[in-house]
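Beneath this line is the structure, given in structure tokens, with notes to follow.
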Amino acid sequence: MANTLSGKRVAFVVAPEGTEQVELTEPWKAVQDAGGRPELVSTSPGSIQAFNHLDKGDTFPVDQVVTDVSPDDFDALVLPGGVANPDFLRTVPDAVRFVREFFAQQKPVAAICHAPWTLIEADVVRGRRLTSWPSLQTDLRNAGAEWVDEEVVTDSGLVTSRKPDDLQAFCRKLVEEFAEGKHRAQARSA
């Protein structure tokens, strides 16, 4: 897997608070280990406060603010979970637009746990097969997705997983999809 993402920039989009730490740090490490360049993108400058479930975790410096970057600047997108993180992101039009544009540009996207809430708001799940934390299944089905209870699901450049226990499979699959590059079918839901 070393250097399979060489030269690729990967945006990790998160809210200022509420990101599940391990769902940020493990995919980040996988991208780095594969030779990619992860960048933390948030809705405001400074740093973000990650969480270990409901307890505060570490803080992480923001590399870019979502209003100052474009999906043109990146090759792929990761959306970590945590209940509060995607719930906040889906209320920020610039963040939602940023996510939607990755699909319009046919770029690969990986979302874990509660992160598909942001995908619902971006209106990119209709007709797609994916998974998430189980409490989102009704929301995803109502948005037109086919929800399944599997460790990792790939649908033409969209990689999803349910929870931190799935991170090994999630990271392996996101690196594979990111290495493949653009997926024409991504645009069908944008």
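The values are calculated or read from the model by the stated rules, or taken from the named source; none is laboratory data. Given the structure is predicted, the values throughout are model-derived calculations rather than measurements. Cβ placement follows ideal geometry from the backbone for every residue including glycine, while neighbour counts extend to all protein chains displayed. Side chains are part of the model used for accessible areas, which takes the heavy atoms of the whole protein and leaves out ligands, DNA and RNA. Shrake-Rupley method; radii C 1.70, N 1.55, O 1.52, S 1.80 Å.
For the stretch 104-114, what are the residues that are within 23 Å of D149 (Cα to Cα) and of a type in the set (A, V, I, L, M, F, W, C)?
The answer is V109, A110, A111, I112, C113.
Please state which one of V159, V153 is closer than 16 Å to L119 by Cα, among the aliphatic types (A, V, I, L, M) and touching an Asp or Glu at 6+ places or on another chain (Cβ under 6 Å).
Of the residues listed, the single one that is closer than 16 Å to L119 by Cα, among the aliphatic types (A, V, I, L, M) and touching an Asp or Glu at 6+ places or on another chain (Cβ under 6 Å) is V159.
Given the conditions (1) touching a residue at least 40 places away in the same chain (Cβ under 8 Å); (2) open to solvent by less than 10 Å² (accessible area, probe 1.4 Å); (3) farther than 20 Å from S161 by Cβ; (4) among the β-branched types (V, I, T), and given that V69 satisfies all but one, which numbered condition is not satisfied?
Status for V69: all satisfied but (2).
(1) at pLDDT 95 or above; (2) more than 25 Å from K173 (Cα to Cα): which one isn't true of V78, the others all being true?
(2)
What is the residue count in the stretch 73-89 for residues that are open to solvent by 50 Å² or more (accessible area, probe 1.4 Å), hydrophobic (A, V, I, L, M, F, W, C) and part of a loop (DSSP other than H, G, I, E, B)?
The qualifying residues number 1.
Of all residues in the stretch 90-113, which are open to solvent by 70 Å² or more (accessible area, probe 1.4 Å) and either hydroxyl-bearing (S, T, Y) or under 19 Å from K163 (Cα atoms) (or both)?
Listed by number, the list holds a single entry, T91.
Could you check the stretch 180-190 and list, in sequence order, the residues that are over 14 Å from A111 (Cβ atoms) and either within 15 Å of the chain's Cα centre (by Cα) or open to solvent by less than 40 Å² (accessible area, probe 1.4 Å) (or both)?
G181, H183, A185, A187
In the stretch 114-144, what residues are open to solvent by 10 Å² or more (accessible area, probe 1.4 Å) and either closer than 27 Å to F74 by Cα or hydrophobic (A, V, I, L, M, F, W, C) (or both)?
H114, W117, I120, E121, D123, R126, G127, R129, W133, A143, listed by residue number.
All but one of (1) closer than 19 Å to T131 by Cα; (2) out of contact with any Leu (no Cβ under 7 Å at 6 or more places or on another chain) hold for V22; state the number of the condition that does not hold.
Every condition holds for V22 apart from (2).
Pairs please, first residue from the stretch 157-185 and closer than 15 Å to L77 by Cα, second anywhere and β-branched (V, I, T) and assigned to a helix (DSSP H, G or I), Cβ atoms under 8 Å, 6+ apart in sequence or on different chains.
L174/V31; V175/V31; F178/V31
So the check is Cβ under 6 Å with 6+ separation or different chains; which pairs have a first residue in the stretch 100-118 that's over 19 Å from P38 (Cβ atoms) and a second one that's outside any helix (DSSP H, G or I) and among the polar types (S, T, N, Q)?
Every condition considered, the pairs that remain are P116/S132.
Scanning for something open to solvent by 10 Å² or more (accessible area, probe 1.4 Å), over 25 Å from E177 (Cα atoms) and in contact (Cβ under 8 Å) with a residue 40 or more places away in the chain, does the stretch 19-42 turn up at least one residue?
Looking through the stretch 19-42, none of the residues is open to solvent by 10 Å² or more (accessible area, probe 1.4 Å), over 25 Å from E177 (Cα atoms) and in contact (Cβ under 8 Å) with a residue 40 or more places away in the chain.
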